[in-house]
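Asks: Before we start, here is the structure in question, set down as structure tokens.
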Amino acid sequence: MTKFLLAVHVLAAIVAIGPVTVAASMFPPAARRALASPDDPGAVETVRLLLRICRVYAAVGVVVPVFGFATARNMGVLGDTWLIVSIALTALAALVLVALVLPRQAAIAEAFETRAAP
């Protein structure tokens, strides 16, 4: 069972965390392009798409720590230092994403919406 939980944990990390990381890193240049080209609807749509990717995969990313805790429990390492540090770093990354990155991205996307409105 531990091997199954670990496999799901690793696959979920790849499938969920990877897209958030890529989309979040692509967002600033896309927003700058949309700002520089106010008449280009594709540039604004790219900003909206990247925001949507970040939101969806951030929600899907909840699976990663769930299966991580299950794997750690089965392995009997819940109190190990490396795991506690990993949990703290993961929680910090999630906090930054939810409290800083996503709201700022939403505000930028909203600014493009209000600017485009007649």
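Asks: For the chain, report the accessible area per residue in Å² (1.4 Å probe, heavy atoms, rounded to an integer).
Replies: On the way: 7490 Å² over 118 residues.
Solvent-accessible surface per residue comes out at 63 Å².
Asks: Let me ask you something else. Please list, by residue number, everything in the range 1-31 whose backbone N is under 20 Å from a paramagnetic label point 7 Å out along Cα→Cβ of residue 86.
Replies: Inside the label zone: 1-21.
Asks: Given R₀ = 30 Å, FRET efficiency for residue 113-residue 66 by Cβ-Cβ distance, to 0.05?
Replies: Efficiency at R0 = 30 Å is approximately 0.30.
Asks: If you take the C-alpha gyration tensor of the range 62-118, multiply each eigenvalue by 5 and take the square root, what semi-axes do you get, largest first, in whole Å?
Replies: On the way: eigenvalues 295, 25, 4 Å².
The three semi-axes for the range 62-118 are 38, 11, 4 Å.
Asks: How far, in degrees from 0 to 90, does helix 41-60 lean away from the longest principal axis of the Cα atoms of the chain, to the nearest 10?
Replies: 20 degrees
Asks: Using Cα pairs closer than 8 Å and at least 6 residues apart in sequence, work out the relative contact order for the chain, in percent. Each step should come with its number before you reach the end.
Replies: On the way: 78 pairs, mean separation 41.3, N = 118.
Rounded, it is 35 percent for the chain.
Asks: In addition: Convert 4 °C to kelvin, take the viscosity as 1.567 mPa s, use the Kirkwood radius over C-alpha pairs of the chain as Rh, and evaluate the Stokes-Einstein diffusion coefficient in µm²/s, rounded to a whole number.
Replies: 82 µm²/s
Asks: Between the helical axis of 63-75 and the dominant principal axis of the chain, each derived from Cα atoms, what acute angle in degrees is found, rounded to the nearest 10?
Replies: Around 10 degrees separate the two axes.
Asks: Using a Gaussian network model of the chain with C-alpha springs under 10 Å, which one of 88, 43, 13 is most mobile by mean-square fluctuation?
Replies: Result: 88 has the largest fluctuation of those listed.
Asks: Alpha carbon centre of the range 1-53 versus the range 76-116: separation in Å?
Replies: Result: 13 Å between the Cα centres.
Asks: Further question on the same structure: Which FRET efficiency value, to the nearest 0.05, do you get for residue 40 and residue 101 by plugging their Cβ-Cβ distance into 1/(1 + (r/R0)^6) with R0 = 22 Å? Mind dumping the intermediate values first?
Replies: Values: r = 24 Å, r/R0 = 1.09.
According to the calculation, E is roughly 0.35.
Asks: Which one of 18, 79, 68 has the biggest mean-square fluctuation once the chain is modelled by GNM with Cα springs under 10 Å?
Replies: 79
The values are calculated or read from the model by the stated rules, or taken from the named source; none is laboratory data. As the structure is a computational prediction, the values presented were derived from the model and not from experiment. Positions of Cβ are backbone-derived with ideal geometry, glycine not excepted, and every protein chain shown enters the neighbour counts. Keep in mind that these areas ignore ligands, DNA and RNA; they rest on the heavy atoms of the full protein, side chains included. Shrake-Rupley method; radii C 1.70, N 1.55, O 1.52, S 1.80 Å.
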